[in-house]
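To start, the structure itself, in structure tokens.
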């Protein structure tokens, strides 16, 4: 069964790395948003962004946070994590700093964005949600080989 996923990431810094993961083709209905479309949505302010997130995530089984150097500082990424968790979606992270970007090569590892959120009992979400750090030597191959299994693991952990 092909799963539908929602990718959460820092657009400006990580769009090229994200496109590599999208191009794996492991998921259904995974159409990227263009820079022009994203700018149009952003001009509508918070209500327009929230509507877009609700529509895009509502059709998905799992949310994957693609963790780059600055992802943890992106307010909409944090909102997407909250929404995925609240809606019982499968949820996990993948560090993408070792994927080669055509603009600026590899990057430094980012801070786990799940550290910013706590559950009502005080537990950090990062202690519950898995983050995968693909190999330095073959990050793309590691992600390609494992991403479908990571989605299934995340969904099973939410059941």
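Residue count for the stretch 54-82 satisfying the condition of being crowded, with 20+ Cβ neighbours inside 10 Å and part of a helix (DSSP H, G or I): 4.
A residue that is more than 12 Å from the chain's Cα centre (by Cα), surrounded by fewer than 17 Cβ atoms within 10 Å (Cβ to Cβ), at pLDDT 90 or above and in a loop (DSSP other than H, G, I, E, B) can be found somewhere in the stretch 88-95.
Applying the criterion of being in contact with a strand residue (DSSP E or B) (Cβ under 8 Å, 6 or more places away or on another chain), surrounded by fewer than 18 Cβ atoms within 10 Å (Cβ to Cβ) and not in a strand (DSSP E or B) to the residues of the stretch 4-31, the residue that is modelled with the lowest pLDDT is 29. Need pairs with beta-carbon distance below 7 Å; first residue free of Cβ contacts under 8 Å to residues at least 24 places away in the same chain and within the stretch 117-143, second in a loop (DSSP other than H, G, I, E, B) and buried (at least 16 other Cβ atoms within 10 Å of the Cβ); sequence gap 6+ or separate chains. Short answer, once both residue conditions are applied: 126/112; 142/134.
Can you tell me which residues in the stretch 110-139 are assigned to a loop (DSSP other than H, G, I, E, B), surrounded by 13 or more Cβ atoms within 10 Å (Cβ to Cβ) and more than 15 Å from the chain's Cα centre (by Cα)? Once the filter is applied, which keeps residues that are assigned to a loop (DSSP other than H, G, I, E, B), surrounded by 13 or more Cβ atoms within 10 Å (Cβ to Cβ) and more than 15 Å from the chain's Cα centre (by Cα), the stretch 110-139 yields 117, 128.
Of the set (1) touching a residue at least 12 places away in the same chain (Cβ under 8 Å); (2) closer than 24 Å to residue 126 by Cβ; (3) touching a helix residue (DSSP H, G or I) at 6+ places or on another chain (Cβ under 9 Å), all apply to residue 54 but (2).
The values are calculated or read from the model by the stated rules, or taken from the named source; none is laboratory data. Please read these numbers as outputs of a predicted model, since none were measured by experiment. For neighbour counting, all protein chains shown are included, and Cβ atoms are generated from backbone atoms with ideal geometry for every residue, glycine included.
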